[in-house]
Amino acid sequence: MMLHSEIWRYAVLLLAAAALVYYVLATLAALRFFKRERSRALPDYTPSVSILKPVLGVDFGTYENFSSFCRQEYPDYEILFAVNDDADPAVPVIRRIITDFPERRIRLLVGAEHLGANRKVNKLARLGREARHEVLVLTDGDVRVGPRFLREVVAPLGNRKTGAVTSFYRGIAEKNLGAEIEAVGASSDFFAGVLMAGSTEGITFALGASIATTKEWLGKMGGFEAIAGALADDYELGHRIAKVGGEVVLSREPVWTMYPAQTLRSFWDHQVRWARTVRLCRPLAYVGLLFTQGLPWALLAAFVAPAKWIAGAYLFGYLILRFAMAWTVGIWGVGDEVLRRKIWLLPLRDAIHFVVWLASFASNHIRWGNIEYAIRQGRMVAITEGETSAAKPAENAP
């Protein structure tokens, strides 16, 4: 029994050390990526572009978000918005944008053919058909960009092997604990995982805030119609382009995304929905996330450590290496100001993230608004009594 106890103790200590090693490797991956990309000359490739923006509702920064796309230092582009109906609160804002920027070619489309349960993709399909140009840039309604955004994300498409270009995103959060924790988690942890994937297996997915691609590559992967029922349309789009031979490239140009104030319930639902989305898209990688979570492993290692100095070393190692990774990836790399101000929230965020990780295994159901969906083979099926996926499809937007 004593032998078995010692084996378990050293197994825990070894696994806890593995989480700390992950922090070191992710930090090094971030250093390599951002140093390389910042020293790289931008190719002179500026074809005409269609920006596709499926929109649902408004938030605290909608006008500034939309108008940022009208201030691009780019020779020729159009902006296409799509809403579900004329009653959408975003419609007056879009009409104001059209008035305020008469020099830009901006169109508003209302309604879209039902192709699947994901209403965002239904609108993207219509936007894609209406787009005049070969190069398409997809961004969510809550995204804000800098003036060189189009130059940065379109230029890599000059390489015919590049199938899609996707971007990191910085947070703009309202003064709300849930919003700030979400922003801190994305820039300090999620992007570290993306960079590790890029340095080990390569990027075979896209991040939903911004994706640049072409009609040719969309056609090769089956078009938007192929992912109209998918929960994680951004992941599926990048993954399918990668499967047909396109390289998915991480852009050095981050965008901004909004984190509105949340209630405790909406924060929990959003976190669990996001976690289940990742689990169902990348099940093996998601299970592997257990071994990257330094806080629970450090606490467990401290509990079983044979000496106080060993316990202290694990706890100190977690704090130093976790904060170093967060600073390198999220602050130095992505430039996230929310993380810069709220980096002290990291231990709280990591504790919540571990509970969410466990909760994500409870079922394959997610709640979107007032509708519950079962996820079957990556596709959404409405199961709430009295609702159907055809009558109440989900809007896949933040």
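If I model a spin label at Leu319 and Glu37 as a point 7 Å from the Cα along the Cα→Cβ vector, what separation in nanometres do I get?
About 3.2 nm, to one decimal.
Going through the cross-link list Lys123/Lys175; Lys123/Lys220; Lys53/Lys220, which pairs have a Cα-Cα distance over 24 Å in this structure?
Numbers: Lys123/Lys175 32 Å; Lys123/Lys220 20 Å; Lys53/Lys220 22 Å.
Too far apart for the 24 Å limit: Lys123/Lys175.
For an R0 of 41 angstrom, estimate the FRET efficiency from the Cβ-Cβ distance between Ala374 and Glu201 and round to the nearest 0.05.
My answer for the efficiency is 0.90.
Quick check: residue separation of Lys220 and Glu337 times 0.36 nm, minus the Cα distance between them. What number comes out in nm?
Taking Lys220 through Glu337 to full extension adds about 38.3 nm, to one decimal.
Could you work out how far the C-alpha centroid of segment 156-228 sits from that of segment 87-109, in angstrom?
Distance between centres, Cα-based: 26 Å.
Per q in 0.10, 0.18, 0.19, 0.21 1/Å, what log10 I(q)/I(0) does a Debye calculation on the alpha-carbon atoms of segment 55-138 return?
The computed values of log10 I(q)/I(0) come out as -0.24, -0.80, -0.89, -1.08.
Tell me, how many Å apart are the Cα centres for segment 19-61 and for segment 293-325?
Answer, in whole Å: 31.
Tell me which of Leu56, Leu177, Ala87 sits at the most positive position along the dipole axis of the chain, charges placed on C-beta atoms (Lys, Arg +1; Asp, Glu -1).
The one lying farthest along the dipole's positive direction is Leu177.
Return the FRET efficiency for the residue pair Ala17, Phe303: r is the Cβ-Cβ distance, R0 is 22 Å, and the value is rounded to the nearest 0.05.
It comes out at approximately 0.90.
Show that you can apply the helix-only estimate: for the chain, add -39,500 (n - 2.57) for every DSSP H stretch of four or more residues, divide by all residues, and state [θ] at 222 nm to the nearest 500.
Computed ellipticity for the chain at 222 nm equals -14500 deg cm²/dmol.
Taking 0.36 nm per residue of sequence separation and subtracting the Cα-Cα distance, how much length would be gained by fully extending the chain between Tyr74 and Glu174, in nm to one decimal?
Working: separation 100, 0.36 × 100 = 36.00 nm, distance 3.08 nm.
Using 0.36 nm per residue and subtracting the Cα-Cα distance, I get 32.9 nm.
What does the charge add up to near Ala305, with Lys and Arg as +1, Asp and Glu as -1, over the other residues with Cβ less than 13 Å from its Cβ?
Combined, the nearby Lys, Arg, Asp and Glu give +1.
If you average 1/r over every pair of different alpha-carbon atoms in segment 269-309 and take one over that average, what Kirkwood value in Å do you get?
12.1 Å
About the Cα centre of segment 226-335, what is the dipole size in debye to 20, counting +1 per Lys and Arg Cβ and -1 per Asp and Glu Cβ, all else neutral?
I would put it at about 320 debye.
Hand me the trypsin sites (Lys or Arg not before Pro) from segment 3-101 located in a DSSP loop with no more than 12 other Cβ atoms within 10 Å, in residue order please.
Arg40
With Cβ to Cβ distances under 12 Å as the rule, what net charge do the other residues near Gly288 carry (K, R +1; D, E -1)?
With Lys, Arg at +1 and Asp, Glu at -1, the net is +1.
Given 10 Å bins starting at zero, what is the percent of C-alpha pairs of segment 44-102 in each, up to the one with the largest pair distance?
The percentages, shortest bin first, are 20, 53, 22, 5, 0.
Length gain on complete extension for the stretch Asn364 to Glu130, per 0.36 nm per residue less the alpha carbon to alpha carbon distance?
Length gained between Asn364 and Glu130: 80.7 nm.
So what is the accessible area of segment 199-324 per residue, in Å², with the probe set to 1.4 Å? Present the calculation step by step, with values, prior to reporting the outcome.
Working: 5490 Å² over 126 residues.
Normalised by residue count, the accessible surface of segment 199-324 is 44 Å².
Among residues other than Arg240 whose Cβ falls under 12 Å from its Cβ, what is the net charge (Lys/Arg +1, Asp/Glu -1)? Kindly include the intermediate steps, with their values, before the conclusion.
Working: positive: Lys220, Lys243; negative: Glu225, Asp233, Asp234, Glu236.
Spelling it out: positives minus negatives among the neighbours equals -2.
Could you tell me which residue out of Ile97, Gly141, Asn122 lies farthest along the dipole of segment 91-152 toward its positive end? Charges go on the beta carbon: Lys and Arg +1, Asp and Glu -1, centred on the Cα centre.
In segment 91-152, that residue is Ile97.
So if I place +1 on the C-beta of Lys and Arg and -1 on the C-beta of Asp and Glu, and nothing else carries charge, what would the dipole magnitude of the chain be about its Cα centre? I want it in debye, nearest 20.
Taking the Cα centre of the chain as origin, the dipole is about 720 debye.
Could you list the square roots of 5 times each eigenvalue of the Cα gyration tensor of segment 147-250, that is, the equivalent ellipsoid semi-axes, sorted largest first and rounded to whole Å?
The equivalent ellipsoid of segment 147-250 has semi-axes of 25, 16, 14 Å.
Tell me which chymotrypsin sites (Phe, Trp or Tyr not before Pro) from segment 4-113 have a DSSP coil assignment and no more than 16 other beta carbons within 10 Å of their own.
Values: sites: Trp8, Tyr10, Tyr22, Tyr23, Phe33, Phe34, Tyr45, Phe60, Tyr63, Phe66, Phe69, Tyr77, Phe81; in loops: Tyr45, Phe60.
Listed in order of number, the matching sites are Tyr45, Phe60.
Within segment 148-183, list the GluC sites (Glu not before Pro) lying in a DSSP loop whose Cβ has at most 16 other Cβ atoms in a 10 Å radius.
Glu174
Enter the accessible area per residue of segment 48-108 (Å², integer; probe 1.4 Å; all protein chains in place).
40 Å²
If I require 20 Å or longer along the helix axis, counting alpha carbons, and a Kyte-Doolittle average no lower than -1.0, what helices from the chain are left? Use full DSSP H segments.
Values: long enough: 2-38 (54 Å, 0.84); 264-281 (26 Å, -0.47); 308-326 (27 Å, 1.18).
Correct list, ordered by number: 2-38, 264-281, 308-326.
The values are calculated or read from the model by the stated rules, or taken from the named source; none is laboratory data. A quick note: this is a predicted structure, and the numbers were derived from the prediction, not measured. FYI the Cβ positions are ideal-geometry reconstructions off the backbone, even for glycines, and counts take in every protein chain you see. Note: accessible area is taken over every heavy atom of the protein model, side chains too, but ligands, DNA and RNA are not part of it. Shrake-Rupley method; radii C 1.70, N 1.55, O 1.52, S 1.80 Å.
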